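Read-outs: derived from the displayed coordinates by stated rules, not from any lab. From a predicted model like this one, the values you see are computed outputs, not experimental measurements. Cβ coordinates were reconstructed from backbone atoms using ideal geometry, including for glycine residues, and neighbour counts include every protein chain displayed.
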Amino acid sequence: MNTMRTDATATRPRTTADARETARRFLEALQQPAVAAGTAENALLVVSELVANALRHGGGTYTLRLIAHPDLIEVAVDNPSPQVPHMRTPDLTGATGGFGWRIVNHLTRTTTVIHRPSGGKTVSAFLAR
């Protein structure tokens with residue numbers, strides 16, 4: 001993987017909707033190559049799921065980082081929780097969720113979870129550009 005960054009942004013949007021809007025603007029601004037519509041839609045869904053999980057399980061404090069690599073889009077969310085995301089059996093009644101991590105892994109090329117020495121973790125998802 002080429003890790004040269006062509007564009008990056010780090011923000012702390014207050015809500016999932018704010019995070020999606022930040023990501024939408026980031027993706028629209030990318031050129032050479034531009035992001036395909038389907039990739040952009042998938043990236044927005046990944047942002048929504050990772051931010052929602054950070055808000056729900058990370059105490060509401062998180063940082064969203066969006067990085068454009070030459071052939072990948074990286075969505076990274078830092079939060080103070082040491083709890084690693086894991087697959088759960090989805091709750092089909094809608095009461096407790098269980099779909100998010102499964103969706104993220106389905107839409108992305110790969111995901112990583114890195115524990116930070118200062119505490120918490122970074123969850124990164126990489127989508128083909």
Revision key, fill the gap. Between the Cα axis of helix 16-29 and the main Cα principal axis of the chain, the angle (0 to 90°, nearest 10) is 20 degrees
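Can you give the calculated 222 nm mean residue ellipticity of the chain, where each DSSP H run of n ≥ 4 adds -39,500 (n - 2.57) and the sum is split over every residue, rounded to the nearest 500 deg cm²/dmol? Write down the numbers at each step before the final one.
Values: 3 runs with 43 residues, N = 129.
Using -39500 (n - 2.57) per qualifying helix, the result is -11000 deg cm²/dmol.
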Study note, to complete from the structure: To the nearest 10 degrees, the tilt of helix 37-57 (Cα long axis) against the first principal axis of the alpha carbons of the chain is 30 degrees
Review point. Farthest toward the dipole's positive end in the chain, which of Ala95, Ile73, Ala37, given Cβ charges of +1 (Lys, Arg) and -1 (Asp, Glu) about the Cα centre?
Key: Ala95
**Study point:** Taking segment 7-128 and dividing mean pair separation by its residue count, relative contact order in percent (alpha carbons under 8 Å, at least six apart)
**Key:** 25 percent
Exercise for review: Can you pull the one-decimal nm distance between simple spin-label points at Arg25 and Ala95, each 7 Å off the Cα toward Cβ?
Suggested key: 4.0 nm
